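The values are calculated or read from the model by the stated rules, or taken from the named source; none is laboratory data. All figures in this text were calculated on a predicted structure; none of them were measured in a lab. For neighbour counting, all protein chains shown are included, and Cβ atoms are generated from backbone atoms with ideal geometry for every residue, glycine included. Heads up: the accessible areas ignore ligands, DNA and RNA and are worked out on the full protein's heavy atoms, side chains in. Shrake-Rupley method; radii C 1.70, N 1.55, O 1.52, S 1.80 Å.
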Amino acid sequence: MTDTTEPMVRVSQIRKSYGKLEVLKGVSMQSMKGETVCVIGPSGSGKSTLLRCINHLERPDGGLVFVDGEMIGYELRGSRLTERTDRDVERQRRSVGMVFQRFNIFPHLTALENVALAPRSTGLLNRREATAAAAEQLERVGLSDRKDAYARQLSGGQQQRVAIARALAMSPKVLLFDEPTSALDPELVGEVLAVMKELAAGGMTMIVVTHELQFAREVGSQVIFMDEGAIVEQGPPDEVLGSPKNERTRNFISRVFKDDRQSADPSLSTAN
Amino acid sequence: MAGPSTAPPETKVDVPGLTELVDADVLAGRKLHKRPHPVRWLVGALIVAGLVWLVHSFAQGQIRWGDARGFVFNHDILTGLRRTIVITVLSSICGIALGTVFAVMRLSSNPVASSVAWLYVWIFRGTPELLQLLIWFNLALVFPVLSIPLVGSQRTIDVITPFMAALIGLSINAGAYIAENIRGAILAVESGQTEAATALGLSRRATLTKVVLPQAMPALIPSIGNQTIGLLKGSSLAATIAYTELLGQAQRIYFLNARVMELLFVVALWYLVATSVASVLQYYVERYYGRSERNQRTSAADRLISGAFSRLRGQTA
Ligand SMILES: Nc1ncnc2c1ncn2[C@@H]1O[C@H](COP(=O)(O)OP(=O)(O)O)[C@@H](O)[C@H]1O
Ligand SMILES: [Mg+2]
């Protein structure tokens with residue numbers, strides 16, 4: 001299915017409302033294989049909802065999502081687009097990994113069991129293979145010495161790295177990150193971003209919702225600025241972050257940079 | 001332990017003006033006294049006095065303690081005890097099974113399933129347990145013959161024996177409470193957990209059994225333990241529908257020999273023994289399911305039980 005001109009992820013005119021609140025107003029974007037797309041925007045602008053539509057955690061009201069050419073969540077029956085069976089949707093989700101702001105590590109399992117659970121219980125690997133693969137993924141995120149630790153014994157940064165390993169264990173075609181460093185203490189952000197940079201360098205296709213503009217600038221293939229359920233501006237990081245055309249983008253970026261400087265320098269944040 | 005021994009560092013308390021007022025122990029850093037608690041002592045003494053008086057009056061009352069002692073290991077009483085344990089174990093197993101099924105139904109997205117589960121809980125939690133037992137027991141009055149398609153039919157009196165009526169009634173009643181406990185415990189598991197499992201491509205069933213239920217367990221065990229202890233005692237209601245468990249046997253005996261209080265105390269003793277054993281079992285099950293959060297919170301009672309048990313093991317070892 002993989003062909004060089006077809007994007008790995010294609011989102012076309014996605015719309016989603018909660019009651020009267022229109023959260024996504026026809027969002028279209030795409031990501032080529034190996035690209036890292038960074039999505040920025042104020043809280044409530046629909047970034048999480050967009051990600052959740054990509055793996056069908058949320059059922060969009062309109063529009064289509066394709067991953068590696070396959071339509072997510074729906075299929076043609078006759079001439080009607082009908083929601084797929086649970087089994088089918090589950091299979092599709094396996095090729096889309098997701099990393100959450102709050103880690104969502106399974107607290108009753110060790111780090112190794114967290115990573116091995118999905119490959120094993122979806123029948124992708126047998127027990128021995130799953131354990132071996134999990135150990136390998138933990139090594140990839142630099143946690144081979146914490147295999148047997150439970151979530152409560154791990155720092156936030158380590159938990160998030162376990163969560164990344166857990167997503168990687170399903171060998172996904174694309175990884176979605178929803179503000180992966182927003183719940184972390186500032187000194188732990190770096191270790192998670194380092195893992196993500198490595199993944200990007202290794203050719204993983206990633207869609208990253210983040211407030212880490214520095215990361216977006218260094219790693220992003222493109223940056224998308226969203227506001228009020230729509231894409232306001234998108235393009236190469238240098239353009240969107242360096243010389244934004246839209247005023248809302250400019251305001252947002254200067255606000256985030258100001259916050260960043262304040263949290264990086266304690267003398268500034270205590271001064272006001 | 002080689003090497004020269006070093007003198008302990010100077011620990012003398014040195015506060016100007018205090019030296020003359022307190023004794024040498026204080027200055028050496030020892031002997032700070034607890035606050036006196038005269039009221040606590042007084043209240044404690046009053047309570048103890050009250051208890052002594054209570055025990056004394058029972059000892060003086062018209063109770064033949066010797067007779068009571070004789071009934072503790074009475075054959076019929078032990079038969080009753082065995083029946084109480086059997087009906088408790090069976091109906092808590094059936095109750096947990098029913099509770100799980102109805103909890104999952106209640107949470108399902110199928111409106112029919114969830115309404116039926118709601119109805120089940122509404123009816124069986126909303127009516128007295130004794131009433132339910134009586135209705136099951138008297139089912140023959142409305143359905144003289146029970147017939148199940150493809151299985152056959154039987155006279156209701158033959159099927160719904162006192163034992164069956166008690167088992168059905170107690171299980172269904174317990175199931176209604178347990179369903180609510182399970183539902184609550186499932187809802188208490190953070191939604192992010194379900195989300196993470198779903199995003200990994202786990203089926204709903206795997207999400208429930210591998211991610212949600214294991215996390216609901218620690219919260220569930222105490223309430224299911226309480227249900228089981230409740231069943232242990234609640235099974236005494238079966239005495240009223242002619243199932244002669246522990247209480248029923250005692251009643252049969254005292255109808256003949258009129259040693260009412262003696263037998264009731266014997267029954268009380270056996271219930272206390274049974275509920276205590278159940279509590280200890282519950283403690284171990286709770287500990288098993290608390291593995292991943294070991295050393296977090298242990299109540300004083302938990303520490304007492306575990307302490308007692310480790311001492312016991314220490315003695316036998
Ligand atoms: N399940 C939901 N029900 C109702 N409203 C929701 C739900 N999820 C998100 N929203 C609303 O949708 C809007 C966009 O949310 P979200 O996609 O989380 O934004 P972002 O991730 O950019 O902060 C917010 O106003 C939020 O309150
Ligand atoms: Mg969000």
Counting only protein heavy atoms and leaving out ligands, DNA and RNA, the solvent-accessible surface of A:H211 at a 1.4 Å probe, in Å² to the nearest 10, equals 60 Å²
Note: A:M71 to A:A230 extended length (0.36 nm per residue) minus current alpha-carbon separation gives 55.1 nm
In nanometres, the difference between 0.36 nm per residue of separation and the alpha-carbon distance of B:Q62 and B:V15 is 10.2 nm
When B and A pair up, the total accessible heavy-atom area removed from solvent (1.4 Å probe), in Å² to nearest 100, is 1900 Å²
Mean per-residue count of partner chain Cβ within 10 Å for A:117-123 equals 5
Dividing the mean separation of Cα pairs under 8 Å (6+ apart) by the residue count of the stretch A:1-105 yields a relative contact order in percent of 27 percent
Each label sits 7 Å from Cα toward the beta-carbon; between B:R204 and B:S115 the label points are separated, in nm, by 1.8 nm
Partner shielding of A:96-109, taken as the mean number of other chain Cβ atoms within 10 Å, equals 5
Whole-Å distance linking the alpha carbon centroid of the stretch B:250-270 with that of the stretch A:122-166 is 62 Å
In nm, the gap between the two label points placed 7 Å beyond Cα toward Cβ at B:L269 and A:K245 is 9.3 nm
With +1 on the Cβ of every Lys and Arg and -1 on the Cβ of every Asp and Glu, the dipole magnitude of the protein assembly as shown about its Cα centre, in debye rounded to the nearest 20, is 1720 debye
Residue separation between B:L130 and B:A242 times 0.36 nm, minus their alpha-carbon distance, gives in nm 39.1 nm
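Mind listing which trypsin sites (Lys or Arg not before Pro) in the stretch B:171-232 are in a DSSP loop and have 14 or fewer other Cβ atoms within 10 Å?
none
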Ranked by GNM mean-square fluctuation in chain A (Cα springs under 10 Å), the top entry among A:K20, A:K47, A:K258 is A:K20
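If Rh is defined by the Kirkwood formula over all Cα pairs and Rg also comes from Cα, what ratio Rg/Rh do you get for the protein assembly as shown?
When Rh is taken as the Kirkwood radius, the ratio is 1.11.
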Each residue of A:150-160 has, on average, a number of other protein chain C-beta atoms within 10 Å of its C-beta equal to 1
Cross-link reach from A:K147 to lysines, straight Cα distance under 22 Å and at least 8 residues apart if same chain, gives B:K210
Treating every alpha carbon of the stretch B:75-304 as one equal point scatterer without solvent, the Debye formula yields log10 I(q)/I(0) values at q = 0.07, 0.10, 0.15, 0.17 Å⁻¹ of -0.30, -0.58, -1.09, -1.25
Relative contact order of chain A (C-alpha contacts under 8 Å, at least 6 apart) in percent is 24 percent
Checked the stretch B:200-270 against the a/c 1.5 cut and the a/b vs b/c comparison, axes a ≥ b ≥ c from its Cα gyration tensor; verdict prolate
Once the in-chain neighbours fewer than 8 apart are removed, the lysines whose Cα is under 28 Å from B:K31 read B:K12
Projecting the Cα atoms of A:A149, B:G169, A:G46 onto the charge dipole of the protein assembly as shown, where Lys and Arg contribute +1 and Asp and Glu -1 at Cβ, the residue farthest towards the positive end is B:G169
Comparing A:G26, A:G34, A:G123 in a Gaussian network model of chain A (Cα, 10 Å), the one with the largest mean-square fluctuation is A:G123
Simple SL model, points at 7 angstrom along Cα→Cβ for A:V256 and A:E129; separation in nm is 4.0 nm
With Rh as the Kirkwood radius over Cα pairs, the stretch A:92-151 has Rg/Rh of 0.95
Percent relative contact order for the stretch B:75-304, counting Cα pairs under 8 Å at least six residues apart, stands at 28 percent
Of the candidates B:A199, B:Y243, B:L146, the farthest towards the positive dipole end of the stretch B:75-304 (Lys/Arg Cβ +1, Asp/Glu Cβ -1, centred on the Cα centre) is B:A199
Highest mean packing first, using Cβ neighbours within 10 angstrom, the peptides B:103-116, B:141-154, A:158-171 sort as A:158-171, B:103-116, B:141-154
Highest mean packing first, using Cβ neighbours within 10 angstrom, the peptides A:186-199, B:66-79 sort as A:186-199, B:66-79
Lys pairs in the stretch A:1-98 with Cα under 19 Å (8 or more apart in sequence, or on separate chains) total 4
